[in-house]
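What follows draws every value from the coordinates through simple rules; no lab data is involved. For clarity, every value in this text was computed on a predicted model and none was experimentally measured. Cβ placement follows ideal geometry from the backbone for every residue including glycine, while neighbour counts extend to all protein chains displayed.
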Amino acid sequence: MTEQQCDEMVACITAFQARFPLEGISRQLVLRNRYVFHTGNPAQGVYLMIDGLVKVSKVSSAGNEKILHVAARGDFLAEVPVLLNRAYDTTAQAVSDALMFYIPERTISELLHESPLLCRQLLGGMVRKVHCLIQDIESNFKAGHERVADFLLAQAEDMSPHDAALSVALPIKKIDLASWLGLTPQHFSRILQDLRQKGLIVVDGPVIHIPSVENLRNGWLRFGKDESILQAAH
């Protein structure tokens, strides 16, 4: 989604809020590490991200967390359980201070009818989430090195393919990123170390420098032996 589309969505909801102040739309600031909602809570409204990042995850009865996706500016939260009239089926936690619109369930239909743009973006966001879930399932068949390389390269998808190098600022903590990629933190750290030793990346705190996009893109073809060793250690 482009910045212009995000701005148009925010402007549309702001205008609707000004015209119908009693409809319950509000801006909410969720501080870093605070929760937006928990699994099992009544799904009483949809959220639209204005700024910041929120991780959406499933938490097992044993407390193990699997991150499904990270919502950023322009993304909707909880649209599926609200439209299905079910409880929230995921847990959402801010990984940075996050500003968002809260749109009560009773207002959603009228707002979507008022704005074809919001309707298209809501449907588009749901389609992207389904696509990401399919990719997540497919990634389970990939080696850990390839999952990490795919993630890093995906962050550069809007950049020119001719760029020889790039830097990726990790959007979330490494322990959360490991969960997102279906890896243990230890395995994820070993993969980063191995990629670094191969000269495919340079790790600088939360920033990953990629000296050659092409080398990283094709590097997984050379991972075989090293990956099997890492998996055996894991």
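For a Förster distance of 45 Å, can you work out the FRET efficiency between the beta-carbons of residue 61 and residue 5, rounded to the nearest 0.05?
Between residue 61 and residue 5 the formula returns 0.70.
Determine the relative contact order of the chain: mean sequence separation of Cα pairs under 8 Å and six or more apart, normalised by residue count, in whole percent.
Computed value for the chain: 19 percent relative contact order.
Can you put 95, 148, 203 in order of Cβ neighbours within 10 angstrom, beginning with the fewest?
With the fewest neighbours first, 95, 148, 203 line up as 203, 95, 148.
Running a GNM on the chain with Cα contacts under 10 Å, which residue among 50, 175, 67 ends up with the highest mean-square fluctuation?
Checking each option, the largest mean-square fluctuation is seen for 175.
Only Cα pairs within less than 10 Å get springs; with that Gaussian network setup on the chain, which residue of 105, 79, 114 has the largest fluctuation?
114
Which angle between 0 and 90 degrees, to the nearest 10, do you get for helix 116-139 versus the longest principal axis of the chain when only C-alpha atoms count?
Computed tilt is about 30 degrees.
Quick check on segment 29-157: take the gyration tensor over C-alpha atoms, sort the square-rooted eigenvalues as a ≥ b ≥ c, and tell me if it's rounded (a/c under 1.5), prolate or oblate.
Prolate is the answer for segment 29-157, as a/c is 1.5 or above and a/b outweighs b/c.
Please rank 57, 96, fewest neighbouring Cβ atoms within 10 Å first, as an exposure proxy.
If I rank by nearby Cβ atoms, fewest first, I get 96, 57.
Here are some values of percent of Cα pairs over 28 Å apart: [x] 28; [y] 43; [z] 38. Which one was computed from this structure?
Correct label is [z].
Taking Cα atoms, how many degrees apart are the long axis of helix 144-154 and the longest axis of the chain, rounded to 10 and kept between 0 and 90?
50 degrees
With angles folded into 0 to 90 degrees, how steeply does helix 224-233 sit against the dominant principal axis of the chain? Use alpha carbons for both and round to 10.
70 degrees
Around residue 52, under 13 Å between beta carbons, what's the net of Lys plus Arg minus Asp minus Glu among the other residues?
Local net charge: +2.
Quote the FRET efficiency, to the nearest 0.05, computed for residue 83 versus residue 202 with a Förster distance R0 of 30 Å and r equal to the Cβ-Cβ distance.
Approximately 0.10, to the nearest 0.05.
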